[in-house]
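Q: Sharing a structure here in C-alpha cells format.
Just so you know, all these numbers are worked out from the coordinates, no wet-lab data involved. These numbers were taken from a predicted model, which means no experiment stands behind them. Because the Cβ atoms are built from the backbone with ideal geometry, glycine has one as well, and the counts that use them run over all protein chains shown.
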Amino acid sequence: MACLACLAWCAVGGAGGARGQEVSAIPGSTLTGISRGVPTLTARPQGSLDLAVESAVVFKNLEIFNLPDILGRTWFLYLAEPRLRYRASAGLVLEGGLLLGRNLGDDESLDIHRPVLRIIHRALPGVHAIAGTLVPTHAIHDAILDDVRKFATEVEEGFQLRVDRDHYRSDTWIDWRVREGAIRAEEFEIASAHAVSPANGWVGLRGQFMWAHAGGQVSLSGRVEQNLMYLAGASVGPGGDQPPRPGAPLRWRCGYDHLWSRDDADTRPLTTGDGGQWWARADLPARRDLVLRLGWSRYRGDGLKPGLGDPLYGLDRYDQLGANLLLFSGNSGLVIEAGFVKQWTDDHRNLTYQLTMAWNGAFSLGRPRPAAPGETGR
C-alpha cells in the first residue's frame, strides 16, 4: 500500500514510471542492463584461471513517430563475450577475450568482433580500478548517456573506477572513442555518477556529470564541440536504489532529478538548458523467481541538450509509464526480461518494447598446484 501511495503522490504532477524503465533492469551483466561493482568477477585463489562467458539476445523496438529530428529504431541482436580470467594476485585480475555480436537480419555473417582486454585492481573491498575495456553498464541517467549507445559503439575503452559499498556507490570513467587523425577529430567522454544512501537506504542522494568532447590540435576537420551534463537528485523509499532481485520483499522508491546542460561548438552558439523529472517505481515479487517492476516518470525541460543521452529529453515534455517482468532461473545465471513503456512526448504517443534473454557463467580451467617440498626454497 505504501508503494501505491507513493505512485499516486508522484502522479499528482501528471501522467507519465521509474524513469519508465525504458532502460533494461537486468542486474549483474556487462552486456545489457545496469550493474554495480564488477559483475561476474568471482573470488578465486591466486594463480587460478577461469573461462567467463556472457551472452545476451536483445530486442528493443523504439516506436517513435512524428517527432522532429528524432527517429525510432529497432535493435535485434545477439551479443557474446567469452574471456579468459587470470587472478595474478589477491587484488589483481587480468581478462582477455572477444566481444562477438550479430545484428539479426543483416547480410554480414559476423557484425561485431572486438577484442576485450581488461586489468582489474581491487584497491579496497568494493573498490575496483579498471584499465582497458570498460564495463559499459553504467548506472547513469538516460538523459546523460543513452543506454542503447552500447549496441552502436560496441565497446568502451579507457580507465574506470567503480565503488560498490553499502552506503556509497560510484562509477567514474573516461572513454576514448575516436583517436585524432588528419581528417577526423578526437572524441572522448569523461563521466562520473555517485549515489549515497544513508539512513538504512531510506533516503538517497545522487550526483552525476558527463563531459563529451570532440576536437583537437592536429585534425584538419575544424570540428570542435563539447557538451556538459549535470544531475542532482534525491529519492526516498525502503531498500535503497537497488536493482530487482529474486526473493526480495516488495520495494518502492520515488524521487526527483534535476538536469542541466551546456552545449557549444565552433559552428553554433553556446546554449544552456535544464529540466526536472519526478519518478517512481515499485518492485513486486510475483513469485520467488519472478519480479514485476512498475515505473512512472514526468519530465519538464527548457532547452536541455542531451548530447550523448536519449534525444527525447531534448523535448520540453516527456512522460512515461512502463512495466518490466523479470524471470530469474535459479542459480543457472539466466535472466529473462520482457517490458514495455508508453511515452507521451509533445502531444505524440510512442511505445518502446523490449525482450532480453541474458546468461553468464564461469568455468574453472585450473587451480594453483600445491608446492612440493623441494619447491618451497627451504
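Q: Test of understanding: what is the full-extension gain from Leu250 to Asn66, defined as 0.36 nm times their sequence separation minus their Cα-Cα distance?
A: On the way: separation 184, 0.36 × 184 = 66.24 nm, distance 3.83 nm.
Net length gain for the segment: 62.4 nm.
Q: With r defined as the distance between the Cβ atoms of Thr42 and Gln242 and R0 fixed at 22 Å, what FRET efficiency is calculated, to the nearest 0.05?
A: Values: r = 21 Å, r/R0 = 0.95.
So, using R0 = 22 Å, E works out to roughly 0.55.
Q: Set the Förster radius R0 to 30 Å, insert the Cβ-Cβ distance between Leu49 and Val203 as r into 1/(1 + (r/R0)^6), and round the FRET efficiency to 0.05.
A: Working: r = 44 Å, r/R0 = 1.45.
Rounded to the nearest 0.05, the efficiency is 0.10.
Q: So which lysines pass the test for Lys60, namely a Cα distance under 18 Å, with those fewer than 8 places away in the same chain ruled out?
A: Lys150, Lys342
Q: Next up: Residue by residue through the range 105-110, which ³J(HN,Hα) values in whole Hz follow from phi under the Karplus form 6.51 cos²θ - 1.76 cosθ + 1.60 (θ = phi - 60°), with glycine and proline marked x?
A: x, 7, 6, 5, 6, 9
Q: What percent of all Cα-Cα pairs in the range 291-344 falls into each 10 Å bin, going from 0 up to the bin containing the maximum distance?
A: Once binned at 10 Å, the Cα pair distances of the range 291-344 give 21, 34, 26, 15, 3.
Q: What is the extension gain from Leu124 to Leu84, computed as 0.36 nm multiplied by their sequence separation minus the C-alpha to C-alpha distance, in nm to one decimal? If you can, show how the numbers build up before the last one.
A: Values: separation 40, 0.36 × 40 = 14.40 nm, distance 2.34 nm.
The Leu124-Leu84 span can extend by a further 12.1 nm.
Q: Taking the Cβ-Cβ separation of Arg149 and Thr271 as r and a Förster radius of 22 Å, what is the calculated FRET efficiency to the nearest 0.05? Each step should come with its number before you reach the end.
A: On the way: r = 22 Å, r/R0 = 1.00.
With a Förster radius of 22 Å, E is 0.50.
Q: If I model a spin label as a point 7 Å beyond the Cα along the Cα-Cβ vector, how far apart are those points for Arg262 and His194 in nm?
A: With each label placed 7 Å out from Cα toward Cβ, I get 1.8 nm.
Q: Now for a different question. Reported to two decimal places, what Rg/Rh ratio describes the range 37-161 when computed on Cα atoms with Rh from the Kirkwood expression? Write out the running numbers ahead of the final one.
A: Values: Rg = 17.0 Å, Rh = 16.4 Å.
Checking Rg against Rh, the ratio lands at 1.04.
Q: If you take the alpha carbon radius of gyration of the range 225-378 and divide it by 2.2 N^0.38 Å, what ratio comes out, to two decimals?
A: Numbers: Rg = 22.9 Å, N = 154, 2.2 N^0.38 = 14.9 Å.
Ratio of Cα Rg to 2.2 N^0.38 Å: 1.53.
Q: Tell me, what HN-Hα J-couplings in whole Hz come from the Karplus equation 6.51 cos²θ - 1.76 cosθ + 1.60 at θ = phi - 60° for each residue of the range 44-61, using x for Gly and Pro?
A: Whole-Hz 3J(HN,Hα) from phi for the range 44-61: 10, x, 4, x, 7, 10, 10, 10, 9, 10, 10, 8, 7, 10, 10, 10, 9, 10.
Q: With the crude spin-label approximation of a point 7 Å out along Cα→Cβ, what separation in nm comes out for Leu355 versus Asp289?
A: 2.0 nm
Q: Something else: Taking a virtual spin label 7 Å from the Cα of Ser329 along the C-beta vector, which residues in the range 275-289 bring their backbone nitrogen under 15 Å of it?
A: Counting only backbone N, you get 289.
Q: Continuing with this model, one more query. Please compute the Kirkwood hydrodynamic radius over the chain, one decimal place, Å, based on all pairs of different Cα atoms.
A: Values: mean 1/r = 0.0455 Å⁻¹.
After inverting the pairwise mean of 1/r, the radius is 22.0 Å.
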